[in-house]
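**Student:** I have a structure here, written as structure tokens, and I will follow up with some questions on it.
The values are calculated or read from the model by the stated rules, or taken from the named source; none is laboratory data. Predicted model, so just to flag it, every value in this text is computed and none were measured. Neighbour counts are summed over all protein chains in view; Cβ atoms, including those assigned to glycine, are modelled from backbone coordinates with ideal geometry. Surface areas here come from the heavy atoms of the whole protein model, side chains and all, with no ligands, DNA or RNA. Shrake-Rupley method; radii C 1.70, N 1.55, O 1.52, S 1.80 Å.
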Amino acid sequence: MDLKDTEHNTRRGGDLRAMLTPATVGSTSGFMGVAIVQPGDRIGEHYHPYSEEFVYVICGRLEVDLDGEAHPLAPEQGLMIPAHMRHRFRNVGDEEARLVFHLGPLAPRPQLGHVDTEETDVIGAAAVVTEAGGAVAAGREQVRS
């Protein structure tokens, strides 16, 4: 499975790419994907009632809020988030952040696997660089969780 062949999912912030899933490869115990988070953007707070989440940071500077408490995440660091723990990822650096995530076991039905706990302002490209080199906010779109 190639990242370029996956669908963009920006409804919760960031760009979540589900790669190895029951639908794409017939997995039965969990699924894996990549999250791409632009500077200033975030993946809105949520939790997984049936699954643990395993995260590995490839690049960028992130903070993860775990039940409301902020923790730094740097490249080449991993993290396990227990089921039911509220979490939010924020890119606090000045370059794109990428992380690999795996959730398992699977929820009984896909719609039961993820519970949003906040509304998320999705920022298209987080910021658009102007010709003068400054940054301006890109078009914001309010997304209801």
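**Student:** Give me the distance in nm between label points sitting 7 Å out from Cα along the Cα-to-Cβ direction at Gln111 and Asp67, one decimal.
**Tutor:** 3.0 nm
**Student:** Kindly report, to the nearest 10 Å², the accessible surface of Asp15 as traced by a 1.4 Å probe over protein heavy atoms only.
**Tutor:** 20 Å²
**Student:** Local charge sum around Phe31 (other residues, Cβ-Cβ under 14 Å, Lys/Arg +1, Asp/Glu -1)?
**Tutor:** -1
**Student:** Let me ask another. What does region 3-116 give for Rg and for Dmax, in Å, if only its C-alpha atoms count?
**Tutor:** 13.2, 39
**Student:** Using a 1.4 Å probe and ignoring any ligands, DNA or RNA, find the accessible area of Phe31 and quote it in Å² to the nearest 10.
**Tutor:** It works out to around 60 Å².
**Student:** Next question, about the same structure. Apply 1/(1 + (r/R0)^6) to the Cβ-Cβ distance of His84 and Asn9, taking R0 = 22 Å, and write down the FRET efficiency to the nearest 0.05.
**Tutor:** Given R0 = 22 Å and the Cβ-Cβ separation, E is 0.45.
**Student:** When the distances between all Cα atoms of region 1-58 are binned every 10 Å from zero, what whole-number percent does each bin get?
**Tutor:** Spelled out bin by bin, region 1-58 gives 21, 52, 26, 1 percent.
**Student:** May I ask you to derive the FRET efficiency for Met1 and Glu118 from their Cβ-Cβ distance with R0 = 35 Å, giving the value to the nearest 0.05?
**Tutor:** Efficiency, rounded to the nearest 0.05: 0.70.
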